[in-house]
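Contents: one structure, followed by commentary.
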Amino acid sequence: MSAKLFGTDGVRGTANSYPMTADMALKLGAAAGRHFRRDGSNGHRVVIGKDTRLSGYMIETALTAGLTSTGMNVLLLGPVPTPAVGFLTRSMRADLGIMISASHNAHQDNGIKFFGPDGFKLSDDDEAEIERIVGGPITPAQPANIGRAKRIEDAGGRYVEYAKTTLPRGTLLSGMKVVLDCANGAAYKVAPQVLWELGAEVIPVGVAPNGTNINLDCGSTYPRHCAAKVLETGADLGITLDGDADRVIIIDERGQIADGDQIMALFAQRWAQADRLQGGVLVATVMSNLGLERFLQGHGLRLERTAVGDRHVVERMRQGGWNLGGEQSGHIVMTDFATTGDGLIAALHFLAMMMETQKPASLLARSFEPVPQMLRNLRTAPGVDILSSDHVKAAIDAAKARLDGCGRLLIRKSGTEPLVRVMAECEDEGLLAEVVNGIIAEMENVA
């Protein structure tokens, strides 16, 4: 193994290509089982959830074989959201939780995310140890100690009931008309059920998965479809999730899109007013808009920035004792209720605020005016390090100088795809476009 297995959110890649092969999934299962099965007892268990990708069957089976070969008992949850795996890992006293999903990526990709017994994603140390074990011989269990596997039929129901309990007692959504886009993904059953049981009129979209249509022209990465449906039906709100339902984008009654920054701004302000925002701090990544930071400062609150990835957000929240964070892309992390981003629970709390205030979504989903922001992605070839080029470095330095005092520039490699992302913010939109396009042009010359 030459390349590092774990990225910013578990192991991810194209199905049936390294590292997303059945052979590697088997080795990862065996290595994780060996790492977490620290004694000779037979009481160790792992829960496995997945989204609706065709390759999920293959990876689920291979993981199960690897885990049971080292003595772990496997509980198969079927299609459930990523946050449900975090919840059920802890709720069912499992030693390990695994989610098979590539989140917002297209169907040909897949991934493996690991959760510890506390329901939080694994630490860097745990991931490094699993990767070390994968690279060597893995001692199997004795024949009498091989693990068992069984399907858990009520996994989705357990999560449905829990999601409803996160709302204030007595909260109902009666009279609320909601378009719900589940991205043909993991929440296609549980999300409509939660909203309907709470009394909402649900107009479901993206609830017919076929193994290859997950995130295809739907979901949080393609909110236009949901927005059009909101206008067509006269709905009060649109909720659009991604493939594993750990992200949410809100659509107001006018068809306007509110990203994670706007949702976090609303929650932070209202939680602070209710004395619920721990430390007066919101944790978000370097991608969050400068307008969010200014909004928080105007309310006496602070934005704590981290590297990109909800895992980094959660780590910083736990270190600081803070209870609200997330990403512009729609991860909303509320550690009072969940161990990772939870698109459905975040949407429920937005709806509860609408019911409590009797205000339309358009008034709640626009807390601040964003500073103009431009993001461009450049796909890179394997082995090409564009950022090491002297010409690219010079272009970046020149761009930083031009933005000094009036904006900011962020350039990073994606942790989940072979992309370099170039993002800048500036009040002067002409300068903004010049800066970003100039850097991309230099990168394209190198690529």
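Among (1) surrounded by 14 or more Cβ atoms within 10 Å (Cβ to Cβ); (2) free of Cβ contacts under 8 Å to residues at least 12 places away in the same chain; (3) in a loop (DSSP other than H, G, I, E, B), which single condition is residue 371 missing?
The failed condition is (2).
Do we find a residue being outside any strand (DSSP E or B), buried (at least 18 other Cβ atoms within 10 Å of the Cβ) and either touching a Ser or Thr at 6+ places or on another chain (Cβ under 7 Å) or acidic (Asp, Glu) (or both) anywhere in segment 436-444?
Yes - at least one qualifying residue is present in segment 436-444.
Here's the yes/no breakdown for (1) within 23 Å of residue 14 (Cα to Cα); (2) open to solvent by 10 Å² or more (accessible area, probe 1.4 Å); (3) out of contact with any Gly (no Cβ under 8 Å at 6 or more places or on another chain):
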| site | (1), (2), (3) |
| --- | --- |
| 61 | yes, yes, yes |
| 70 | no, no, no |
| 90 | no, yes, no |
| 94 | no, no, yes |
| 99 | yes, no, no |
| 102 | yes, no, no |
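Any residue in segment 155-175 that is touching a residue at least 60 places away in the same chain (Cβ under 8 Å) sitting within a Cβ distance under 7 Å of a residue that is aromatic (Phe, Trp, Tyr) and open to solvent by less than 80 Å² (accessible area, probe 1.4 Å)? List the pairs, counting only those 6 or more apart or interchain.
Every condition considered, the pairs that remain are 159/87; 162/87; 166/337.
Looking at 268, 245, 284, 346 in this structure, which one is crowded, with 24+ Cβ neighbours inside 10 Å, closer than 23 Å to residue 427 by Cα and aliphatic (A, V, I, L, M)?
Working: 268 fails: closer than 23 Å to residue 427 by Cα; 245 fails: closer than 23 Å to residue 427 by Cα; 346 fails: closer than 23 Å to residue 427 by Cα.
Of the residues listed, the single one that is crowded, with 24+ Cβ neighbours inside 10 Å, closer than 23 Å to residue 427 by Cα and aliphatic (A, V, I, L, M) is 284.
Here are the criteria: (1) in contact with a helix residue (DSSP H, G or I) (Cβ under 8 Å, 6 or more places away or on another chain); (2) more than 30 Å from residue 52 (Cα to Cα). Tell me which single one residue 319 does not satisfy.
With (1) in contact with a helix residue (DSSP H, G or I) (Cβ under 8 Å, 6 or more places away or on another chain); (2) more than 30 Å from residue 52 (Cα to Cα) applied to residue 319, the lone miss is (1).
Of the residues that make up segment 72-84, is at least one modelled with pLDDT of 95 or more, farther than 22 Å from residue 315 by Cα and part of a loop (DSSP other than H, G, I, E, B)? Give the derivation first.
Step one: filter segment 72-84 for residues modelled with pLDDT of 95 or more, giving 72-84.
Okay, now just the ones that are also farther than 22 Å from residue 315 by Cα, so 72-80.
Add one more test, that the residue is part of a loop (DSSP other than H, G, I, E, B), and what stays is 72, 80.
Yes - at least one qualifying residue is present in segment 72-84.
Please state which one of 291, 279, 260, 255 is within 20 Å of residue 314 (Cβ to Cβ) and open to solvent by less than 50 Å² (accessible area, probe 1.4 Å).
The match here is 260.
What are the residues in segment 189-240 that are open to solvent by 20 Å² or more (accessible area, probe 1.4 Å), within 20 Å of residue 81 (Cβ to Cβ) and of a type in the set (Gly, Ala, Ser), if any?
If the condition is that a residue be open to solvent by 20 Å² or more (accessible area, probe 1.4 Å), within 20 Å of residue 81 (Cβ to Cβ) and of a type in the set (Gly, Ala, Ser), then 208 is the only one that fits.
If residue 52 passes every condition in (1) touching a Lys or Arg at 6+ places or on another chain (Cβ under 9 Å); (2) outside any strand (DSSP E or B) but one, which one does it miss?
Every listed condition holds for residue 52 apart from (1).
Would a scan of segment 403-425 turn up a residue that is of a type in the set (Lys, Arg), open to solvent by 30 Å² or more (accessible area, probe 1.4 Å) and part of a helix (DSSP H, G or I)?
Within segment 403-425 (the criterion being of a type in the set (Lys, Arg), open to solvent by 30 Å² or more (accessible area, probe 1.4 Å) and part of a helix (DSSP H, G or I)), the answer is no, since none of the residues qualifies.
Suppose we filter 286, 281 for residues that are modelled with pLDDT under 95 and touching a strand residue (DSSP E or B) at 6+ places or on another chain (Cβ under 9 Å); which single one remains?
Working: 281 fails: modelled with pLDDT under 95.
Answer to the check: 286.
Which of the residues that make up segment 105-135 are under 15 Å from residue 340 (Cβ atoms) and either polar (S, T, N, Q) or open to solvent by 40 Å² or more (accessible area, probe 1.4 Å) (or both)?
117, 118, 123
Can you spot a residue in segment 158-168 that is of a type in the set (A, V, I, L, M), assigned to a strand (DSSP E or B), within 20 Å of the chain's Cα centre (by Cα) and under 30 Å from residue 233 (Cβ atoms)? Explain how you work it out, then say what you get.
Keep residues of segment 158-168 that are of a type in the set (A, V, I, L, M), which gives 160, 163, 167.
Keeping just the survivors that are assigned to a strand (DSSP E or B) gives none.
Looking through segment 158-168, none of the residues is of a type in the set (A, V, I, L, M), assigned to a strand (DSSP E or B), within 20 Å of the chain's Cα centre (by Cα) and under 30 Å from residue 233 (Cβ atoms).
The values are calculated or read from the model by the stated rules, or taken from the named source; none is laboratory data. If you're wondering where the values come from, they're calculated on a predicted model, not measured in any experiment. We place every Cβ from the backbone using ideal geometry, glycine too, and count neighbours over all the protein chains shown. Side chains included, ligands, DNA and RNA excluded: accessible areas come from the protein's heavy atoms. Shrake-Rupley method; radii C 1.70, N 1.55, O 1.52, S 1.80 Å.
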